[in-house]
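The numbers here are math on the coordinates, done by the rules we state, and not lab data. Everything quoted here is computed from the prediction, not taken from an experiment. We place every Cβ from the backbone using ideal geometry, glycine too, and count neighbours over all the protein chains shown.
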Amino acid sequence: MLNATWLETFVALAEEASFTRTAARLNMTQPGVSQHLAKLEAAVGVPLVQRIGKTIVLTDAGNALRNHARVRQAEEQALLERIGEDRADVGSVGIGASGSFATVLYRRLLPHLVDVPELIVTLEAAPEARVIEAVAAGRLDLGVVSGDPRHARLEAEKIGEEDLCLALPAETGPAQPDLDELQDMGFVDHPDGAAYAEMVMPDNFKGFQSAKALRRRGFVNQISQIPALVAAGAGYTILPRSGIDGFAGAAPLRIAVLRHPVHQELWLIRRAGRLMPTRCLWAMTEIRALSQELRAPSV
């Protein structure tokens, strides 16, 4: 790496074409200017200037180095200006969440993104373990998970609770089906299906033994396709409310009335001790607001 101070002196010398004027411009002595030039020429291994009488003329190598130095100075100045800014409408925000939460969050963020073209949001739908690892490593700014990860490099804030919903085809029977009726329909399973079933069904459906005993109609790992199968009449499923709210299909769904409603917590995570940029504060506000909408009001 070429010494930045020597380069600054050399650029001034190239522009002033005079050791005297360069020294005055940089508040240096003339021997100091000569010393910087000598060190720079020693570093590059070729002469950078010619002295013709009292005139300073750049060699070809000197011209090339001057151009390089000017580009470098401009880039450094631009960098300093960028890192000195903390604007809400410029820069990137990385967010990780489950597929269902990410779907409804993106829909919520989209109008602002259209209005603010220099704000870039990367929204990653991923398993919780990957979200936690990415935020801890600094690859994502924010994450939404279903519990406090108790991670040394993370700060976690409980922001709400989300209903777990038992979704039925709209035209199917009673709003409070029994286990036999559900078994007749069949369970549309998904990566979190068994875990959600073990949370929702024991207190709500007499005779439930385990998720393994449920009659399955299929397994789907695309969040948008899970409620689509239910709406088409293929069976029932259990999803967070965000997975239901994010469904944009033409056919409606019916949400079963549970005798004992079940919720999962929502936690907002970020790097511990990090001073969050202003552009991230908007996203945090929207995430908190959305989390308050994902639980049905108490009856």
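Would you pull out the residues with amide H under 5 Å of L154's amide H, same chain only if 5 or more places away, H placed 1.01 Å from N?
Distant-sequence amide H within range of L154: A272.
I'd like the distance between the alpha-carbon centres of the stretch 227-299 and the stretch 1-70, rounded to an integer number of Å.
Measuring centre to centre over Cα atoms gives 63 Å.
Name the GluC sites (Glu not before Pro) in the stretch 159-242 that are in a loop by DSSP and that have at most 13 other C-beta atoms within 10 Å, would you?
Passing sites in the stretch 159-242 are E171.
Here are labelled values, (i) 66, 17, 16; (ii) 31, 24, 16; (iii) 28, 23, 17, and one is the computed semi-axes √(5λ) of the Cα gyration tensor in Å for what I pasted. Which one?
(i)
May I ask you to sort T9, T122 by Cβ crowding, counting other Cβ atoms within 10 Å and putting the fewest first?
The most exposed by this proxy come first: T122, T9.
Could you work out the relative contact order of the chain? I mean the mean sequence separation of Cα pairs under 8 Å and 6+ apart, divided by the number of residues, in percent.
This gives 22 percent for the chain.
Shape call for the stretch 4-84 from the C-alpha gyration tensor, a ≥ b ≥ c root eigenvalues: rounded (a/c under 1.5), prolate (a/b greater than b/c) or oblate?
Since a/c reaches 1.5 and a/b is larger than b/c, the shape of the stretch 4-84 is classed as prolate.
On C-alpha positions alone, give me the angle between the axis of helix 4-16 and the longest principal axis of the chain, in degrees, nearest 10.
50
First check a/c for the stretch 189-286, with a ≥ b ≥ c the square roots of the eigenvalues of its C-alpha gyration tensor; if it is under 1.5, answer rounded, and if not, answer prolate when a/b is larger than b/c or oblate otherwise.
Because a/c hits 1.5 or more and a/b exceeds b/c, the stretch 189-286 counts as prolate.
What is the calculated FRET efficiency for R21 to E118, with r their C-beta to C-beta distance and R₀ = 45 Å, to the nearest 0.05?
The value I calculate is 0.65.
Name the long-range amide H neighbours of V188: under 5 Å, sequence gap of 5 or more, or other chain; modelled H, no Pro or chain starts.
Amide H to amide H, under 5 Å and 5 or more residues apart or across chains, V188 pairs with R217, Y236, T237.
Would you mind telling me the antiparallel percentage of the DSSP bridges in the chain, rounded to 5?
Antiparallel: roughly 65 percent of the beta bridges in the chain.
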